[in-house]
Amino acid sequence: MKKSPPSLANANQPRKSTVAVALAALLFTQCAFAQQADPNSPGKDEDGPVKLKMDGKARISPKQIPEDDATYINADKLYGNGDQETFLEGNVQIKRKDVQINSDSVTYSPITDEAKAKGNVVVQQPGIVLKAPSASVKLGSKETELNQPTFELEKIHGSGKASKALFDGIDTLTLENPDYTVCKVPSPSQADKGDWYIKADRLELDQGDEVGRATGATVVFKDTPILKAPYLSFPTTDRRKSGFLAPSFGTVSNSGAELTLPYYWNIAPDKDMTLYPKIITGRGFQLGTQTRYMTQNNLSELKYDFLPNDNKTSTNRYALSLQDTYRKGDYSAGLNVNKVSDDNYFVDFSRSQAVASQRVLLREGFLGYDAGPWRSNVRVVRQQTLQLQNDIIVAPYDRLPELNVAMSPTRYGDTFVSAVGQFTDFANPGSNTTRVAGSRAVSRASVFMPINRSAFSFTPKLSVQATSYNLTNQAPGFDSHPSSIIPTASLDSTVYFDRKTTFFGQDVNQTLEPRLYYLYTPYKDQSAQPLFDTSVSDQTFSRIFSENRYSGYDRVGDANQVTLAVTSRFNRVNTGEELFSAAIGQRLYLKSPQVILPTVESPLNNKSDFFITGRGKITRDITLDATSQISPSTGQQQRGNINVSYGPSIGKQLNAGYRYTRGQINQFDVSGQWPVSNRWSAVGRVNYSVLESRLIEGVAGLEYSPGCWAARVVLQRFATAPSLQTTSIFLQLELTGLGRLGSNPLDLLSRTVPGYTPFSGNFNPQ
């Protein structure tokens, strides 16, 4: 019967075999202490680490052996050749520190500190199990050499076999003629039975750098070679490393087939670069780059795509995007520069509806200062406006420059004061010099005194906005230097009621919060003031409590109005977490507003629309987010949206939404991911415009994963312009622990399907 290897300190059994074991243990222990003992006095009773008594019992001198340096053995037989070699036979087990050897027989040389094992050899080190008919192990350095081994690597879940293996004792395993896989196989010797595996002339598995390096490599998938390379480098974890990434291929309806071979350069821990050389059959050769730089104070990313002499347009096509921010102490600076070669660039090259619909590209630089309650910045803003043939838009003004100063609410006794100031020089972009242009200076100061109690809150507030202009190209009959000073007074009050109740079976605390908001702003004729950046704000539940119904600083709407609303919240009793809230509100005009934007805004009635909202968790798995705007005079819905999500577990997600704006938007949006079996999962999205009778964006895909690999096929179709659509096909094979081959649909699916989780070897929904 085998027992755990005894420590020499406790080896006190009188059997003959145990005496031999103790002698061998002595030899191993002396070798381990070779650099600590005095070689000139090996037999001193006081200083020698171990004594042998003639009765075969080993005992420890007062100088104890450190537990980490002790050597433990167990064997059926032991004999030696003087102090040159020691032979162990039968159920041999040797352990020193974190190295353990099991074998039928072992020959140990104390001179070289080397153990040569034969027959059913098993060498175990942290995270590594090596098995072979024969092996050689240096116990001190843990260097190991094996013939015809099998191996298992716990950290990277890899296993396989080889004709020879060398382990450097630290973290690198070098294999000759290996078969390597991370798939589940009957045994490591049957790595070629895995769904995929690597055959190579030589393979290094470096667990320190978390990378594999293979020469003469062949990737075999389902018994079919799919990739051959004289040299192959791959990450064994998600850690960054330089090298070629898996090639990507796909097809796009307006460009043809595409093949990309990315190269990733891990320049330093704080910077990297990825090159995206791409062949597009319908257009030519495109080179894309992405460079990232990050330090404690700086974050920068540069993207640049260039396609010389597009086969379809005979022009050079490019896109540039630079985002750079710097912050140190109270100071900050940044750049946000975006530019494309032509108006149709995104229509031809975008892979998402959101990118294809971009019409204004920002080019901005800024300097900022933020200390205490004060914030200030100066920025310069230009824009590139993309004009499509059948969809012309008005280009926004450039800001050359804009200066901002703001003081966040600051307390003085029971009163709070806040202020903002801005100076902007608005310039017409490009050669457009006919519109009114010029500078605008504006300041707005507010003082308010909140009174908060457990049962109610009460906040009176007074604000004043002063605006002045210096204009060119002003319309005839209008002042070139208009100005205005307009005060605003408001009173915001809420009462709180609560009770204990249940909400879909959960104990909750329900609140009822009636709210009254009164706003008064006197009328001031502002028709001589241009509209540089001002429009009617989208009306939402939160906006009916705003001081100004316009965005920007060019107009201050006159008001004599009351807003009434009531909100109810359902909070968990134990944690206070808000599960669900619902609210309804309406604005009542005590006097019809007179400040109206011509051609944009119709005169207002004495009552605003009703606004209704509800959001939160209906049950543990169902969430709801809904808003509705209803006309009180007609009872018709003017605007609304509703989104319902059902997600019982990871990998199971269904979403349904509907958006409506009378005469402008009528869309429904359905998306989801759902496993149809243990190995198959379906994913998709349909965003359809009823008003335009066309598909805005559609995605349909299938994912298959038996465990250590996954395959995905995804079809996408989306609108790039009012009368144009693009179709793309994504095909991807993911080999867990090696990489992905094909075109990557994961970013697309994550963006279009809320709650999406990749269905791969790392996760199988149940």
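The values are calculated or read from the model by the stated rules, or taken from the named source; none is laboratory data. Because the structure is a prediction, the values reported are computed rather than measured. Cβ sites come from the backbone with ideal geometry, for glycine too, and all protein chains shown count toward neighbours. Accessible surface is based on the protein model in full, side chains and every heavy atom, while ligands, DNA and RNA are left aside. Shrake-Rupley method; radii C 1.70, N 1.55, O 1.52, S 1.80 Å.
Could you tell me which of the residues Leu702, Leu733, Leu738, Leu715 is of a type in the set (A, V, I, L, M, F, W, C), surrounded by 15 or more Cβ atoms within 10 Å (Cβ to Cβ), without any contact (Cβ under 8 Å) to a residue 24 or more places away in the chain and closer than 28 Å to Ile198 by Cα? Walk me through how you get there before you give the answer.
Details: Leu733 fails: without any contact (Cβ under 8 Å) to a residue 24 or more places away in the chain; Leu738 fails: without any contact (Cβ under 8 Å) to a residue 24 or more places away in the chain; Leu715 fails: closer than 28 Å to Ile198 by Cα.
Among Leu702, Leu733, Leu738, Leu715, only Leu702 is of a type in the set (A, V, I, L, M, F, W, C), surrounded by 15 or more Cβ atoms within 10 Å (Cβ to Cβ), without any contact (Cβ under 8 Å) to a residue 24 or more places away in the chain and closer than 28 Å to Ile198 by Cα.
Has region 492-515 got any residue that is without any contact (Cβ under 8 Å) to a residue 60 or more places away in the chain, in contact with a helix residue (DSSP H, G or I) (Cβ under 8 Å, 6 or more places away or on another chain) and open to solvent by 20 Å² or more (accessible area, probe 1.4 Å)?
Yes, there is a match, as at least one residue in region 492-515 is without any contact (Cβ under 8 Å) to a residue 60 or more places away in the chain, in contact with a helix residue (DSSP H, G or I) (Cβ under 8 Å, 6 or more places away or on another chain) and open to solvent by 20 Å² or more (accessible area, probe 1.4 Å).
Please go through region 153-178 and pick out each residue that is open to solvent by 10 Å² or more (accessible area, probe 1.4 Å), in a strand (DSSP E or B) and under 16 Å from Thr736 (Cα atoms).
The answer is Ser159, and nothing else.
The conditions are (1) touching a strand residue (DSSP E or B) at 6+ places or on another chain (Cβ under 7 Å); (2) without any contact (Cβ under 8 Å) to a residue 40 or more places away in the chain; (3) part of a loop (DSSP other than H, G, I, E, B), and Pro186 fails exactly one of them. Which is it?
Single failed check for Pro186: (1).
Scan Ala682, Ala656, Ala721 and give me the residue that is within 30 Å of Asp609 (Cα to Cα), out of contact with any Lys or Arg (no Cβ under 8 Å at 6 or more places or on another chain) and either acidic (Asp, Glu) or in contact (Cβ under 8 Å) with a residue 12 or more places away in the chain (or both). Show your work before the answer.
Values: Ala682 fails: within 30 Å of Asp609 (Cα to Cα); Ala721 fails: within 30 Å of Asp609 (Cα to Cα).
Just one listed residue meets the conditions, Ala656.
Among the residues of region 378-425 satisfying the criterion of being in contact (Cβ under 8 Å) with a residue 40 or more places away in the chain and within 29 Å of Ser463 (Cβ to Cβ), which is least open to solvent (accessible area, probe 1.4 Å)?
Our first condition is that a residue be in contact (Cβ under 8 Å) with a residue 40 or more places away in the chain; within region 378-425, this holds for 382-388, 390-391, 396-397, 422, 424.
If we keep only those that are within 29 Å of Ser463 (Cβ to Cβ) as well, we get 396-397, 422, 424.
Numbers: Pro396: 43, Tyr397: 22, Gln422: 25, Thr424: 0 Å².
This residue is Thr424.
Check off (1) touching an Asp or Glu at 6+ places or on another chain (Cβ under 8 Å); (2) open to solvent by 40 Å² or more (accessible area, probe 1.4 Å); (3) at pLDDT below 95 for Thr472 and give me the number that stays unchecked.
Thr472 satisfies every listed condition except (1).
How many residues are surrounded by fewer than 16 Cβ atoms within 10 Å (Cβ to Cβ) and of a type in the set (Gly, Ala, Ser) when one looks only at region 179-189?
Going residue by residue through region 179-189, those that are surrounded by fewer than 16 Cβ atoms within 10 Å (Cβ to Cβ) are 184, 186-187.
Cutting the leftovers down to of a type in the set (Gly, Ala, Ser) gives us 187.
Residues meeting the conditions: 1.
What strands (runs of 3 or more DSSP E) lie completely within region 225-313 and have 3 or more residues being open to solvent by 80 Å² or more (accessible area, probe 1.4 Å)? Can you show your working first?
Values: elements: 248-252, 256-260, 263-268, 271-280, 284-294, 298-307.
Qualifying strands (runs of 3 or more DSSP E): 284-294, 298-307.
Conditions (1) hydrophobic (A, V, I, L, M, F, W, C); (2) in contact with a strand residue (DSSP E or B) (Cβ under 8 Å, 6 or more places away or on another chain); (3) within 29 Å of Thr281 (Cβ to Cβ), marked per residue:
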| residue | (1), (2), (3) |
| --- | --- |
| Val347 | yes, yes, yes |
| Arg351 | no, yes, yes |
| Leu362 | yes, yes, no |
| Tyr369 | no, yes, no |
| Asn377 | no, yes, no |
| Arg382 | no, yes, no |
| Leu388 | yes, yes, yes |
| Val394 | yes, no, no |
| Arg399 | no, yes, no |
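Give, as residue ranges, the strands (runs of 3 or more DSSP E) completely inside region 63-142 that count at least 2 residues that are surrounded by 17 or more Cβ atoms within 10 Å (Cβ to Cβ) and among the charged types (D, E, K, R). Steps first, answer last, please.
Numbers: elements: 71-74, 77-81, 85-96, 99-109, 114-125, 128-138.
It comes to 85-96, 114-125.
What's the total number of residues in region 533-559 that are more than 18 Å from Ser484 (Cβ to Cβ) and either more than 36 Å from the chain's Cα centre (by Cα) or basic (Lys, Arg) (or both)?
1
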